[in-house]
Amino acid sequence: MNALGFNMAAEVPENPLIPPIPELVIGLIAFFIVFAFLAKKLLPNINKVLDERHAAIEGGMKKADDAMAEAQQVLDEYRTQLADARHEAARLRQEAQEQGATLIAEMRAEGQRQREEIIAAGHAQIEADRKAAAQSLRQDVGKLATDLAGKLVGESLEDHARQSRTIDRFLDEIEAQAASDATKAEAGR
């Protein structure tokens with residue numbers, strides 16, 4: 001024994017990492033009590049919240065998948081409608097071009113017909129004016145020829161029938177002369 005009264009052989013050095021057995025037992029009992037409390041009260045609430053979150057996430061994903069499928073369907077419908085609209089626009093454009101070409105052809109035909117009518121009316125008017133001018137010229141030339149012939153012959157040619165015959169004969173000779181000159185000119189070409 002030593003001076004302090006302790007027995008050296010009886011003293012076993014204690015390991016600071018190993019707790020004393022009574023403390024270990026009390027700690028384990030307290031741990032199981034807390035674990036049982038958590039398992040009975042807290043764990044069901046945690047599982048319930050986790051299940052609700054899981055259901056919400058699954059529902060959200062299902063909704064997102066449904067929304068994506070619906071969006072894809074709407075997009076496909078939109079593309080189909082757009083393609084149909086493009087085909088319809090092309091058909092309408094082609095139809096308008098055909099109608100335009102038909103309308104242009106009709107307008108050209110109508111313009112040609114009106115032009116021909118105007119030309120025919122012009123020719124008729126010219127012919128009527130030529131005949132009127134020839135008649136007026138025939139009367140004027142006849143009057144002048146009768147006056148001149150009367151002065152040359154020295155007697156009056158006032159008799160209307162004789163005057164008309166003389167004038168007609170004179171004008172027929174002039175027309176025959178003009179016709180023969182025109183035929184000679186044509187032959188010379």
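The values are calculated or read from the model by the stated rules, or taken from the named source; none is laboratory data. Source: prediction; values computed, not measured. For the accessible areas, the whole protein counts, side chains as well, though only heavy atoms, and no ligand, DNA or RNA atoms are used. Shrake-Rupley method; radii C 1.70, N 1.55, O 1.52, S 1.80 Å.
Listing for the model above:
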| item | result |
| --- | --- |
| Overall Cα dimensions of region 21-71 - principal axes, largest extent first, Å | 68, 17, 5 |
| Percent carbon-and-sulfur accessible area, the chain, ignoring ligands, DNA and RNA, probe 1.4 Å | 63 |
| By accessible area with a 1.4 Å probe, ligands and nucleic acids excluded, highest first: order of VAL34, VAL141 | VAL34, VAL141 |
| P(r) tail fraction, the chain - alpha-carbon pairs more than 22 Å apart, % | 83 |
| Surface per residue (accessible, 1.4 Å probe) for the chain, Å² | 88 |
| For region 45-93, the spread of Cα positions along each principal axis, largest first, Å | 70, 7, 5 |
